[in-house]
Amino acid sequence: MKPLQTQELKVIGVKVINLKKKFNSFFALKGIDLTIDKPGLYGLIGPNGAGKTTLFKCITGLLTPTEGKVILNNTEVNRKLLFQKNVFGFIPEDVGLYGNLSARDFLHILAGLHGLDKAQRKKRVQEIVDFVGIKYSPNKIVRYLSTGQKRLLLIAGVLLHDPDILIFDESLNGLDPVVRSHVSNLMKELSKDKIVFYSSHILTDIWKLSDEVFVLNNGLLVEHDTPLNIIKKITKNVYYIESDEYETVFSYLEEFSSIEKIEIEGNKVLFQIKSKNAIDESKEILRKVIEKHSILSFGYYEPDLDQLFIKMVSSNED
Ligand SMILES: Nc1ncnc2c1ncn2[C@@H]1O[C@H](COP(=O)(O)OP(=O)(O)OP(=O)(O)O)[C@@H](O)[C@H]1O
Ligand SMILES: [Mg+2]
């Protein structure tokens, strides 16, 4: 997408330092530190109530942190300053569009708020409508738009001022597969020269799209890495034995000193081997198990995304 205007050289980045947010006596964020210092797609996941929306609202200055600070493009967050500097665009998870405005008027008013004059507005709105791929009539009244149509309009709205940082809270949720894939592609395109920080409960999207993933649980950041590294960390040297006698297999495996961690998932016993020679060790363990128990299958453990998510957030519960 063509930038709105030639912009001065600047550092694109989000820095969150020891961020805490307390509601009454409850800490929704308990000390978050994170740095994003280059364009890309950054996913934020975590269970309901983990603090994702609170984090986004603190980053965008909608909530004032109880402690700590947020720095966007080298400037500490200050609502007024950020708006003037056109640093970010935020789509909250619960945004409503209730007005009797047409989609066109909605975009023109927003563009006006960002200081574009009439001639600039017309050009910019058309550019953004084309980029976002809004195909419906611009005369449609925003309150009657469908969920997907609204989402595209909101995305168009936050792109008008060409911000460096886009924060999308659950912007992929509630969309049909075609629109979701369209919005995902837009986000990927935007992430070439912008930071796109987004949350979603749709783990396939998060895993497929994100350059890096942040995992928030109970107000704390419990994981941050590339999707591949996270999967590797969790599944490294983990094997499974499927058996109808999984409980006795579990007890038997507890006797092996080379096994670091054992757990049951359905009728499978998962075990992580700490030996350097994990493959050979796993074969040896299997051989011994087969001598005593009947098994249904054995293999390298490849969790599905839901299981991966549960593992990430359950190992960090307080
Ligand atoms: N204004 C508020 N006043 C009191 N408590 C709040 C407020 N906003 C959020 N909370 C609490 O802070 C915690 C984090 O909420 P938050 O909305 O950030 O979670 P989330 O990760 O976005 O969850 P979800 O996936 O359901 O959207 C929750 O326990 C919530 O009840
Ligand atoms: Mg939320």
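Every number in this text was worked out from the coordinates using simple rules, so none of it is lab data. Fair warning: this is a prediction, and the values are worked out from it, not measured in the lab. Backbone-built Cβ (ideal geometry, glycine too); neighbour counts: all protein chains shown.
Using the 10 angstrom Cβ neighbour count as an exposure proxy, how do His161, His224 rank, fewest first?
His224, His161
Which value in deg cm²/dmol, rounded to the nearest 500, describes the helix-derived mean residue ellipticity at 222 nm for the chain, given -39,500 (n - 2.57) per DSSP H run of n ≥ 4 and division by the residue count?
-11000 deg cm²/dmol
When the chain is modelled as a GNM with alpha-carbon springs shorter than 10 Å, which of Ile295, Ile202, Ile231 fluctuates the most?
Ile295
Treating the beta-carbon of each Lys and Arg as +1 and of each Asp and Glu as -1, no other charges, what is the dipole magnitude of the chain about its Cα centre, to the nearest 20 debye?
Using only the charged Cβ atoms, the result is roughly 1900 debye.
Straight-line reach from Lys188: which aspartates and glutamates have a Cα under 19 Å away, not including same-chain ones fewer than 8 places off?
Excluding near neighbours in sequence, the set is Asp37, Glu127, Asp130, Asp162, Asp164, Asp169, Glu170, Asp176, Asp205, Asp211, Glu212, Asp225.
If eta is 0.692 mPa s and T is 37 °C, what Stokes-Einstein diffusion coefficient results for the stretch 14-225, Kirkwood Rh from Cα pairs, in µm²/s?
Approximately 186 µm²/s, per Stokes-Einstein.
Using the scaling law 2.2 N^0.38 Å as the reference, what is the normalised Cα Rg of the stretch 232-314?
1.03
Which percentage, to the nearest 5, of the DSSP beta bridges contained in the stretch 14-225 is antiparallel?
Roughly 55 percent of the DSSP beta bridges within the stretch 14-225 come out antiparallel.
Past the 28 Å Cα-Cα mark, which pairs from Lys22/Lys233; Lys69/Lys233; Lys192/Lys232; Lys268/Lys292?
Details: Lys22/Lys233 32 Å; Lys69/Lys233 30 Å; Lys192/Lys232 26 Å; Lys268/Lys292 16 Å.
The answer is Lys22/Lys233; Lys69/Lys233.
If you keep only loop residues by DSSP, which trypsin sites (Lys or Arg not before Pro) in the stretch 54-157 have at most 11 other Cβ atoms within 10 Å of their Cβ?
Lys135
Using only alpha carbon pairs under 8 Å that are at least six residues apart, calculate the relative contact order of the chain and give it in whole percent.
Contact order relative to length: 20 percent.
Select from Ile241, Leu270, Met312 the residue farthest towards the positive end of the dipole of the stretch 232-314; place +1 on Cβ of Lys and Arg, -1 on Cβ of Asp and Glu, and compute about the Cα centre.
Met312
Using a Förster distance of 25 angstrom, determine the FRET efficiency expected from the C-beta separation of His201 and Lys283, and round it to 0.05. Please report the intermediate quantities before stating the final value.
Details: r = 39 Å, r/R0 = 1.55.
Calculated value: 0.05.
Quick one: which residues, 5+ away or cross-chain, put their amide H under 5 Å from the amide H of Lys194? H built at 1.01 Å from N.
Residues meeting the amide H criterion: Gly40.
Let me have the relative contact order for the stretch 56-201, percent, based on Cα pairs under 8 Å that are six or more residues apart.
26
The stretch 293-313 to the stretch 117-173: how many Å between their Cα centroids?
Value for the Cα centre distance between the two parts: 42 Å.
Loop only by DSSP, 13 or fewer other Cβ within 10 Å of the Cβ. Give me the trypsin sites (Lys or Arg not before Pro) in the stretch 213-298 that pass, ordered by residue number. Write out the running numbers ahead of the final one.
Details: sites: Lys232, Lys233, Lys236, Lys261, Lys268, Lys274, Lys276, Lys283, Arg287, Lys288, Lys292; in loops: Lys236, Lys274, Lys276.
Answer by residue number: Lys236, Lys274, Lys276.
Quickly work out the Glu265-to-Thr64 label distance, labels modelled 7 Å from Cα along the C-beta direction, and quote it in nm with one decimal.
Rounded to a tenth, the inter-label distance reads 4.6 nm.
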